[in-house]
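These notes concern the structure reproduced below.
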Amino acid sequence: MARLAYRERVTSTPSDPRRIVGRAAVPVPVPAPQYPGGHHAYPPPVGAPPALVARRRRWPRRLLALTLTLLMLFGVVAVGGWFYLDGLSRNLSRIDAFGTVPLPRPEKPVPGTRNLLILGSDSRDPDGAAAGRADTIILMHLPADRRQAYLISLPRDLWVSIPPTPDGSAGGHEAKLNAATAFGGVPLMVHTVEQYTGVRIDHVVLLDFAGFVEVTDAVGGVDMYIEQTIQSIHGNKRVFEEGWQHLSGEEALDYVRQRYQFADGDFTRMRNQQQFLRALLDRATSREVLANPRRLDAFLRTLTATLTVDEDFSLIRVGWAFRHLRGDRLTFLTSPHAGTGNIGGQSVVLSDDAAAAELYAAVREDRVADWVREHPDRLSGA
């Protein structure tokens, strides 16, 4: 009976959580209640200290407050960014570039591509170029993948057919390409380029090289390679030494104006203008500018105050399309030509119609990269 009673004491479960080992009582730990969400989840263990209970009740409120704070912060940044971009957009001057361009216009067989017509002039040109004539004419093609851009310079003296103006008062005959703006403004230039290339123009950007003095200075100047040592024929007759040079806005403008010192005249000036645009983009996307909010703001405000664009041009959409572009992703070409000639006592650039037709077909079909690989000799060298 004594042995049986002892066995019952060993095997039975006592009222308190203890196990009898021999004649000693050893406490057995009771597992704490587990709740979804970890240590700070609700509800707190029964009998928890009041401080722990209060702390756990405050946790959701703090999370909600943090979430609302972040949402408000993101909202302020988004609204502030929108107002900033809207302010930059208001800086742009607008022009009706397509209003009088007659239909039908060229089709766009490849969706997603963008073609911009860049027209440059020098409002303070010391050479006294004819008023209203574009000094720089560039067709910029942005492929659908947005990873590269191709800038095709059309010589301003390229001999082409200029369509008549809507009222028939001018045009309707062959002339130098840059005469189109003198005859009928930007719309006639758009019509002329579309007729010559068969490429539909989506946007027009007019830039004033004289105004780019401030733009260049806003980013701290540009680095350009001087092909040969020359002395400027303008202003203070500054000398440009062969090799890489860091140029201020005034120096860069003076350099891209030069043409008489070069054997091929305007063709070298075109290359220098292309090199300047590449150098400016390189500088604008450099760490020195992008990481300096004050300098970046000065560049953007000065640039937008200098440009004139078509009425449908969206700074946000175009800027987003250009987000991958850097100087090394720009390929400069010159519209195929057959050299210079003399027509009606004028020195002109003769079009190579067959080669030009191949290039502009590649633009329409978004295969300019293939065309460039097949015609490496057509690169302008900018």
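The values are calculated or read from the model by the stated rules, or taken from the named source; none is laboratory data. What you see is a predicted model, and the numbers here were worked out from it, not measured in a lab. Every residue, glycine as well, gets a Cβ built from its backbone with ideal geometry; the counts of neighbours run over all protein chains shown.
Number of residues in the range 101-124 that are surrounded by 16 or more Cβ atoms within 10 Å (Cβ to Cβ) and at pLDDT below 90 equals 3. If you go through the range 68-100 and keep only what is at pLDDT 55 or above and aliphatic (A, V, I, L, M), you end up with Leu85, Leu88, Leu92, Ile95, Ala97.
Considering only residues that are assigned to a strand (DSSP E or B) and touching a residue at least 60 places away in the same chain (Cβ under 8 Å), look in the range 207-246 and name the one that is surrounded by the fewest Cβ atoms within 10 Å (Cβ to Cβ). If we take residues in the range 207-246 being assigned to a strand (DSSP E or B) and touching a residue at least 60 places away in the same chain (Cβ under 8 Å), then Asp223 is surrounded by the fewest Cβ atoms within 10 Å (Cβ to Cβ). Going by what's in this entry, would Phe313 be described as closer than 27 Å to Leu253 by Cα and under 18 Å from the mean Cα position of the chain (by Cα)? For Phe313, the condition - closer than 27 Å to Leu253 by Cα and under 18 Å from the mean Cα position of the chain (by Cα) - is met. May I ask you to say which residue of Arg283, Arg323 is closer than 23 Å to Val213 by Cβ, basic (Lys, Arg) and touching a residue at least 60 places away in the same chain (Cβ under 8 Å)? Exactly one of Arg283, Arg323 is closer than 23 Å to Val213 by Cβ, basic (Lys, Arg) and touching a residue at least 60 places away in the same chain (Cβ under 8 Å), namely Arg283. Restricting attention to the range 344-356, the residues that are free of Cβ contacts under 8 Å to residues at least 60 places away in the same chain and either part of a strand (DSSP E or B) or more than 17 Å from Ala175 (Cβ to Cβ) (or both) add up to 3.
Only residues that are more than 16 Å from Asp282 (Cβ to Cβ) and in a helix (DSSP H, G or I) were counted in the range 247-258, giving 6.
Condition check for Arg269 on (1) surrounded by 17 or more Cβ atoms within 10 Å (Cβ to Cβ); (2) touching a residue at least 60 places away in the same chain (Cβ under 8 Å): one failure, at (2). Inspect the range 286-308 for any residue being touching a residue at least 40 places away in the same chain (Cβ under 8 Å), within 15 Å of the chain's Cα centre (by Cα), farther than 27 Å from Phe98 by Cα and outside any loop (DSSP other than H, G, I, E, B) and give the result as yes or no. There is at least one residue in the range 286-308 that is touching a residue at least 40 places away in the same chain (Cβ under 8 Å), within 15 Å of the chain's Cα centre (by Cα), farther than 27 Å from Phe98 by Cα and outside any loop (DSSP other than H, G, I, E, B). From the list Arg269, Arg317, Arg301, the one residue that fits, being within 16 Å of Leu116 (Cβ to Cβ), at pLDDT below 90 and basic (Lys, Arg), is Arg317. Contact map, the range 96-108: residues that are under 24 Å from Leu142 (Cβ atoms) paired with residues that are of a type in the set (Lys, Arg) and not in a loop (DSSP other than H, G, I, E, B), Cβ distance under 9 Å, separation 6+ or inter-chain. Pairs shown: Pro106/Arg364; Glu107/Arg364; Lys108/Arg364.
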